[in-house]
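Since the structure comes first, as structure tokens, the remarks are kept for the end.
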Amino acid sequence: MSHAKTSYVCLPCRASYKQPYRGDHERICPRCAEPLIHVGSAFAAPRRRDVAAWRTLTVLLNAGVRFHKSCCGVTGYRPRTRREVRERMAYARRTGEPFARALVRRELP
């Protein structure tokens, strides 16, 4: 039986790995031996040198946002800049909306 490939990320190394998904099996970073974070099959990693993009990604992953395809094959909106993250975090604090939900809002009211 073949397993679909999905992405795993190591935030300290700013590295992404495509591997078969096998449930809750813990993956370890081959560079630093820290646990990898399962981010989903629709993930596209930023360049390792793009520190700002990795900071934004860190906020998203720590809030529980992942990159899984929907029934239509799309992931939906994800902020790409620190400004977009700050705006959505401020909105969440102001309204009480959970951070993970506010971070994936395309438009803020």
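Some points to look at:
- Cα Rg, Dmax (largest Cα-Cα span) when computed across the chain, Å: 14.7, 48
- For the chain, the longest principal axis of the Cα atoms and the long axis of helix 82-95 meet at an angle of about 60 degrees.
- Solvent-accessible surface of the chain, averaged per residue with a 1.4 angstrom probe and all protein chains in place: 65 square angstrom.
- Computed from backbone phi, the HN-Hα couplings of the stretch 51-60 come to 4, 4, 5, 5, 5, 4, 4, 4, 4, 4 Hz, rounded to whole numbers (Karplus: 6.51 cos²θ - 1.76 cosθ + 1.60, θ = phi - 60°; Gly and Pro given as x).
- The chain - mean residue ellipticity at 222 nm from DSSP helices (-39,500 (n - 2.57) per run, n ≥ 4, rounded to 500): -8500 deg cm²/dmol
- Table column - 3J(HN,Hα) (Hz), the stretch 23-32, Karplus curve with 6.51, -1.76, 1.60, x for Gly and Pro: x, 8, 4, 6, 10, 10, 5, x, 8, 10
- Sulfur and carbon atoms: percent of accessible area, the chain [1.4 Å]: 50 percent
- Counted charge near Lys18, where neighbours are those whose Cβ lies closer than 12 Å (Asp, Glu -1; Lys, Arg +1): +2
The values are calculated or read from the model by the stated rules, or taken from the named source; none is laboratory data. Treat the numbers as computed from the prediction; the structure is a model and nothing was measured. Because the Cβ atoms are built from the backbone with ideal geometry, glycine has one as well, and the counts that use them run over all protein chains shown. Surface accessibility is based on the protein's heavy atoms, side chains included, excluding ligands, DNA and RNA. Shrake-Rupley method; radii C 1.70, N 1.55, O 1.52, S 1.80 Å.
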